Amino acid sequence: MGLFAWGCLAIGLQLELGEGHDNGLGSTPQMGYNTWNDFECHGVSAENIRKVADKMVTLGLPALGYEYLIIDDCWAKKRGEDGVLVPDPDAFPQGMKPVADYVHESGLKFGIYTDRGTWTCAGRPGTWGYEVTDAQTFASWDVDYVKTDSCNGPDSLDDRPSSAAIAQYKLFRDALNATGRPIFLALSGWHNWYSPFGKGLANSWRIGYDVRNWRSAWNYAIRVNAFLHDYAGPGGWNDPDMLVGSSDTAVRMTPEQSRTQFSLWSVMTAPLLLGSMLSMTDHDLETYTNREVIAVDQDPLGIQGQIVWENCPLRNRTNIRQKQYYDEIPACQQVWAKPIQDGFAVVLLNLENNSARVNFSISDVCWSSTELQPCDFFEEAAVRDLWSKEDLGRMRFINVTLAADGGSRMFKVVPKAPRKQEVKPGPRASKKRRPSLYPQRVGKGPPLQTDAVHFLQREL
Ligand code: GLA
């Protein structure tokens, strides 16, 4: 399908969405914890939810903004004769309401999981045909957040926009709205084509398959989300999946990669959903409680960051299709930047399996600017390292060596001394295209052809 056809479908579906989704929630991306990576289907129980709530409180996470405790798949056993979902009686002997009450009494909000299809991904009853019943059931349990998955429904794995999938999600959106309870709605459709429709449907939408290690973080999240910044903003967010910790569990990254994921997710203005709790390491705790990095993610402007410099090979829509699982991670470096209230946040990322040196001209953060935060190319900036928490003074270049395999550094940049002459306006403000051979190439790597801004305009 070419661009024109995609555009027509998008416009048609957008009209069909009607007034859209507006429950007043999600002014910044959601923060919290989700059970899937820790438990999958083993141990999702009232007892373990209480343990998780207690641990979140003990660690002081609610005060940092981690407000949702979300039960993922495997809590539901069947549908009763009245059509109402029945929680697994062995795991939830008193039903779900007392669990929600416990979570609320802990100062947290309560989230639950369902699926738009007939069955969830783990084979539990899905919501198809029961949208109103399930929305009412969740509201009666005082649920604050619903994640709705995409298994066993029409076009689950389709790489093109699906009007059937969107119609199903719309039914559930309307059913939740009709309960009168503000419930955060998180779609889990796994495809980047949801992004243009996202804000009309939900408060967040998954853009790729599950992130379970560094390689899937590249394939399903980083390379995909680089092109979706225009669709995110207060009320609705691209969701590149949960944070993966570095404790000794099946779903894990190295400590360095976990920290890089947290930095990048903050610059990408992504949901911060912790995926490990009871076994969290001290290093991961230090990562997830860095207030300055959290503040980048939660910045009230709500602008999703983007790549402002890279020497990676050309990527286009064709090669970020979800079915193309597990591309090799390219041997290259990227710099991501995000406009925030008082400057920019910037992450320098090394994807290569050797350490690499990058010399980044700081005023290139301006390529991420928007009407909300215009940026004139400046002479120098005050730079702060957000992990060592050191003020580094005024600089023109950030010249650093990045560790191999997902090593990164993260800085806050406050522009100083605007250029008196030859002031270049921010790219969006001026409506100018980013020069096609911008940014410059450094070091090794294939010839630079990437122009991320124009990604969505390419023909399939
Ligand atoms: C899908 C989702 C995961 C998780 C599982 C549960 O794979 O993408 O995040 O919810 O289903 O079965």
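Counting heavy atoms of the protein chains only and a 1.4 Å probe, report the per residue accessible area for the stretch 3-297 as a whole number of Å². If you can, show how the numbers build up before the last one.
Values: 10060 Å² over 295 residues.
Here the per-residue accessible area is 34 Å².
If you roll a 1.4 Å probe over the stretch 327-412 with all protein chains in place, what percent of the accessible area is carbon or sulfur?
Numbers: 1360 of 3240 Å².
Of the solvent-accessible surface of the stretch 327-412, carbon and sulfur hold 42 percent.
Could you check the spin-label model distance between residue 213 and residue 301? Points 7 Å from the Cα along Cα→Cβ, value in nm.
Between residue 213 and residue 301, the label points sit 3.7 nm apart.
If I compute solvent accessible area with a 1.4 Å probe over the protein chains, what percent of it on the stretch 3-297 is carbon and sulfur?
Working: 5270 of 10060 Å².
So the carbon and sulfur contribution to the accessible surface is 52 percent.
Residue by residue through the stretch 130-137, what is 3J(HN,Hα) from phi via Karplus (6.51 cos²θ - 1.76 cosθ + 1.60, θ = phi - 60°)? Round to whole Hz and write x for glycine and proline.
Residue by residue, the stretch 130-137 yields 10, 4, 5, 4, 5, 4, 5, 4 Hz.
Over every pair of different alpha-carbon atoms in the stretch 96-250, take the mean of 1/r and invert it; report that Kirkwood radius in Å.
Details: mean 1/r = 0.0618 Å⁻¹.
After inverting the mean inverse Cα-Cα distance, the result is 16.2 Å.
Return the long-range amide H neighbours of residue 77 (sequence gap of 5 or more, or a different chain), with a cut-off of under 5 Å between placed amide H atoms.
When sequence neighbours closer than 5 places are left aside, the close amide H contacts are 86, 88.
Label residue 23 and residue 55 with points 7 Å out from Cα along Cα→Cβ: what is the distance between them in nm?
Calculated label separation equals 2.7 nm.
Near the amide H of residue 67, under 5 Å away, which other amide H atoms are found, from residues 5 or more places off or on another chain, if H is placed in the peptide plane?
Those lying under 5 Å, H to H, from residue 67 are 31, 32.
Give, in nm to one decimal, the length gained when the segment between residue 359 and residue 105 is fully stretched (0.36 nm per residue of separation minus the Cα-Cα distance). Could you put the intermediate results ahead of the total?
Values: separation 254, 0.36 × 254 = 91.44 nm, distance 4.99 nm.
In short, 86.4 nm is gained.
Seen from all sides and averaged, what is the projected area of the convex hull of the Cα atoms in the stretch 3-297, in nm²?
Values: hull surface 55.8 nm².
The orientation-averaged projected area of the Cα hull of the stretch 3-297 comes to 14.0 nm².
Which entries in the list 109/412; 77/97; 55/412; 147/170; 51/78; 97/170 go over 20 Å, if you measure between the two C-alpha atoms of each? Show your work: numbers first, answer last.
Values: 109/412 31 Å; 77/97 16 Å; 55/412 31 Å; 147/170 14 Å; 51/78 25 Å; 97/170 26 Å.
Pairs exceeding the cut-off: 109/412; 55/412; 51/78; 97/170.
I'd like the FRET efficiency for residue 401 and residue 342, computed as 1/(1 + (r/R0)^6) with the beta carbon distance as r and R0 of 22 Å, rounded to 0.05. Could you put the intermediate results ahead of the total?
Working: r = 28 Å, r/R0 = 1.27.
Efficiency for this residue pair is about 0.20.
Residue by residue, what Karplus-based ³J(HN,Hα) values in Hz, rounded to whole numbers, does the stretch 33-49 have, using 6.51, -1.76 and 1.60 with θ = phi - 60° and x for Gly and Pro?
9, 10, 6, 4, 5, 6, 10, 6, 9, 10, x, 6, 8, 4, 4, 6, 5
Which whole-number percentage describes the relative contact order of the stretch 90-185, with Cα contacts under 8 Å and a sequence gap of 6 or more?
It comes to 30 percent, rounded to a whole number.
Using the beta-carbon distance between residue 94 and residue 279 and R0 = 30 Å, what value does 1/(1 + (r/R0)^6) give for FRET efficiency, to the nearest 0.05? Walk me through the numbers on the way to the answer.
Working: r = 26 Å, r/R0 = 0.88.
With R0 = 30 Å, the Cβ-Cβ based efficiency is 0.70.
The values are calculated or read from the model by the stated rules, or taken from the named source; none is laboratory data. Since the model is a prediction, treat every value here as computed from it, not as a measurement. All Cβ positions, glycine included, derive from the backbone under ideal geometry; neighbour counts span all protein chains shown. Note: areas computed on protein heavy atoms with side chains; ligands, DNA, RNA excluded. Shrake-Rupley method; radii C 1.70, N 1.55, O 1.52, S 1.80 Å.
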